[in-house]
1. Based on the Cβ-Cβ distance from A18 to V85, what FRET efficiency comes out when R0 is 22 Å, to the nearest 0.05?
2. Once you keep just the Cα pairs under 8 angstrom separated by 6 or more residues, what percentage relative contact order results for region 4-99?
3. Give me the net charge for the shell around H27: Cβ to Cβ below 15 angstrom, other residues only, Lys and Arg +1, Asp and Glu -1.
4. Explain nothing, just compute: Karplus ³J(HN,Hα) = 6.51 cos²θ - 1.76 cosθ + 1.60, θ = phi - 60°, for every residue of region 29-34 in order, whole Hz, x for Gly and Pro.
5. Using the alpha carbon gyration tensor of region 4-99, what are the three equivalent-ellipsoid semi-axes (square root of 5 times each eigenvalue), largest first, in whole Å?
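We did not get these values from a lab; they are worked out from the coordinates using the rules stated. These numbers come from a predicted model, not from an experiment. Here the Cβ positions follow ideal geometry from the backbone for every residue, glycine too, while neighbour counts run over all protein chains shown.
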Amino acid sequence: MVRPHAGAGTTKAALDAACLADALSVHGVDEGLSHYQREELRFGRGLIALCRYEGDHLSGQIKRHAGHNEPERQWDPERVLNGYVTRSAEVARVYAQRAG
């Protein structure tokens, strides 16, 4: 489950629609759907992993430090920021392709 604090749902939905439309127009239906699935599964899985990682940290904030599990103790804010930068760069790449 992806937690709502990620704030990426609307962007992901819009990006999915644009990428699906592009894949279908370039590759036709069968190959277009395969192309879309390959690209969007990779992106989506990365986003879900990042949101889960961030969610572990946020969940841990309501516990006393002694009650933190391993992911909560290993929290690395730089990892989260780098993850969002990577995702933003991917979104920018798709928009640039569509504009070009």
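1. Result of the calculation: an efficiency of 0.60.
2. 25
3. On the way: positive: R38; negative: D22, D30, E31, E39, E40.
My count for the surroundings of H27 gives -4.
4. Each residue's phi maps through the Karplus curve to give 5, 5, 5, x, 5, 5 Hz.
5. 34, 13, 10
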